[in-house]
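The values are calculated or read from the model by the stated rules, or taken from the named source; none is laboratory data. Owing to the predicted nature of the structure, the values given are computational and were not obtained by experimental measurement. Using ideal geometry, Cβ is built from the backbone for each residue, glycine included, and neighbour counts are taken over all protein chains shown. Side chains are part of the model used for accessible areas, which takes the heavy atoms of the whole protein and leaves out ligands, DNA and RNA. Shrake-Rupley method; radii C 1.70, N 1.55, O 1.52, S 1.80 Å.
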Amino acid sequence: MKRKEIVLIVVILLVFLVILGVVAFYFLQKPKVVFSEGPVSVEVNTEVQYEIPKVMYHGKDISNSVRVIKGIDTSKLGLYEVQYEFQYLFWKETYTQTYEVVDTTGPQIVLNGGDFIKQSYTVTYEEPGFTATDNYDGDLTSKVTVQKIPVNTMQDTYRYSCIDTSGNQTIVERTVQRIDDVPPVITLNSESDIIMLRQGEKFEDKGATATDEIDGDLSKQIQTRGEVDTSTPGDYVITYRVTDKSGNTAEKSLTVTVLSRQTSDTGNTNAGTSGTIYLTFDDGPSKDITPKLLDVLQQKNVKATFFILNYDTSKEYLVKRIVNEGHSIAIHGYSHDYQKIYASEEAYMENIESMRQKIYATTGINTYLTRFPGGSSNEVSSFNPGIMTRLTRLVVGKGYHYFDWNVSSGDAGDTTSKEGVFQNVTTALRKNRANVVLMHDKAGNTYTLDAIADIIDYGRQNGYSFEKITMSTPMVTHHVAN
Ligand code: ZN
């Protein structure tokens, strides 16, 4: 071989070796890996996002050649070794990374009824309940502590606190706001809410006081409406009105009844339509007299007025019959016992109010017609001085019309015959007035029962007309003697 040829072969060999070296150098270079060894924190019970190692090979990201071959269980706290395997071309590697499953989340407290409660101050606050649930420990409701923090007289804060086994604390608060939804209380300075004055008497407004549980004394804020004209008979209403800071309004009324002289205790036995006869029967109903009496009245087509006493259920049909046959039902009283009923104004009002309610329950009629047992002129009440003066005003003030009589049959006294009753009634009738005839349909009173047809006939023959008492009938009243 020539020397020149040998040099050429050596050069070619050298070039080949260089190329081989360069190629080998290129391919044998390890991929570059970037990852942290950890520990990487993962919240318990969450889906883990593995921090896949980043692998670069000659500037190319080949991380997607990495797969997890040993993962973690995020449902349990603790340290885990995660293993990755990387495989690319002829490269194969495993990497280990430390993970820690931790609980950094506090329990969740749920307040039944929400975090703001508004309620009346009159209502006692009762804890509406709550639940506490932890992502790791589960139900921690029993571990919740509740602390009451007063803010002011109308507000409290309740603080609910709960710590899980990893020491995470949750605090929530509930505000309980008390509201004033109760109106103030107005108290009249006069003894009663009904005042009775006689025409021309002076009215002095004593005013009222008002107190509110929350705002205290509101008397100065009371607004008064209404006027009383004592020169004109009638009912006048004075209204006291006050509103508390929370907008609750209270109102109280004082009724001032200015009595005309006609309805005052001077008595009026000449009222009403001339030539009218009002037959009135007291102290019933009775099983022996009342049904027969009703029969006679029906035959004669006369409407009368029954001032009744308390009755048991066996007599209810009679009370209904009185109403159904067109007569006036009226109140004598629950009891006729003078000592009881004239003991006080309260006792008397109870005596007629309970009867009014009973009659209403039986008949559906709400009657305000009444007659005082013994009449308004009675002296049997003298054990309680002045009671009749007070009661005659009071019942009228309460809306009742009371009737005495100007013709007495005497059938509750000495008269015990049909003739006697007839005589007493017919001789007392007067043409120039309304005649209110006092009779009784109590048990055993046959003389009135027997006389009634003749009295009606007498009245008709002598030009009288028979009427029943109604609320538009002018009151016929005695002179009050007590
Ligand atoms: Zn009586």
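Residues that are open to solvent by 10 Å² or more (accessible area, probe 1.4 Å) and either of a type in the set (Val, Ile, Thr) or in contact with a helix residue (DSSP H, G or I) (Cβ under 8 Å, 6 or more places away or on another chain) (or both) within the stretch 466-477 comprise Phe466, Thr470, Thr473, Pro474, Met475, listed in sequence order. Of the strands (runs of 3 or more DSSP E) lying entirely inside the stretch 82-147, those containing at least 1 residues that are in contact with a Gly (Cβ under 7 Å, 6 or more places away or on another chain) are 91-102. With respect to being open to solvent by less than 10 Å² (accessible area, probe 1.4 Å), in a helix (DSSP H, G or I), in contact (Cβ under 8 Å) with a residue 40 or more places away in the chain and in contact with a helix residue (DSSP H, G or I) (Cβ under 9 Å, 6 or more places away or on another chain), Val319 fits the description. For the condition assigned by TED's automatic domain parsing to the domain that holds Lys300, more than 29 Å from Lys287 (Cβ to Cβ) and open to solvent by 30 Å² or more (accessible area, probe 1.4 Å), what is the one hit in Thr446, Thr392, Thr427? Every option except Thr427 fails the conditions.
A single entry from Gln262, Gln298, Gln339 fulfils the requirement of being more than 16 Å from the ligand (Cβ to nearest atom), at pLDDT 95 or above and either open to solvent by 10 Å² or more (accessible area, probe 1.4 Å) or among the aromatic types (Phe, Trp, Tyr) (or both): Gln298. When we screen Glu37, Glu51, Glu43 for residues that are of a type outside the set (A, V, I, L, M), touching a residue at least 12 places away in the same chain (Cβ under 8 Å) and open to solvent by 100 Å² or more (accessible area, probe 1.4 Å), the only hit is Glu37. Considering each residue of the stretch 407-419 in turn, at least one proves to be assigned to a strand (DSSP E or B) and either assigned by TED's automatic domain parsing to the domain that holds Tyr342 or more than 18 Å from Ser328 (Cβ to Cβ) (or both).
The rows are residues; the columns are (1) aromatic (Phe, Trp, Tyr); (2) in a helix (DSSP H, G or I); (3) more than 35 Å from the chain's Cα centre (by Cα).
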site: Lys340; (1), (2), (3): no, yes, yes
site: Ala347; (1), (2), (3): no, yes, no
site: Ile352; (1), (2), (3): no, yes, no
site: Gly374; (1), (2), (3): no, no, yes
site: Ser377; (1), (2), (3): no, no, yes
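One line per residue, one yes/no per condition, for (1) within 15 Å of the ligand (Cβ to nearest atom); (2) modelled with pLDDT under 95; (3) of a type outside the set (Lys, Arg):
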{"site": "Leu309", "(1), (2), (3)": "yes, no, yes"}
{"site": "Arg321", "(1), (2), (3)": "no, no, no"}
{"site": "His327", "(1), (2), (3)": "no, no, yes"}
{"site": "His332", "(1), (2), (3)": "yes, no, yes"}
{"site": "Tyr348", "(1), (2), (3)": "yes, no, yes"}
{"site": "Thr392", "(1), (2), (3)": "no, yes, yes"}
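Restricting the first member to the stretch 393-412 and to residues that are without any contact (Cβ under 8 Å) to a residue 24 or more places away in the chain, and the second to residues that are open to solvent by 10 Å² or more (accessible area, probe 1.4 Å), the beta-carbon pairs closer than 7 Å and six or more apart or on different chains are Gly410/Gly420; Gly410/Asn424. Residues in the stretch 221-261 that are in a strand (DSSP E or B), hydrophobic (A, V, I, L, M, F, W, C) and closer than 29 Å to Leu391 by Cβ: 6 in all.
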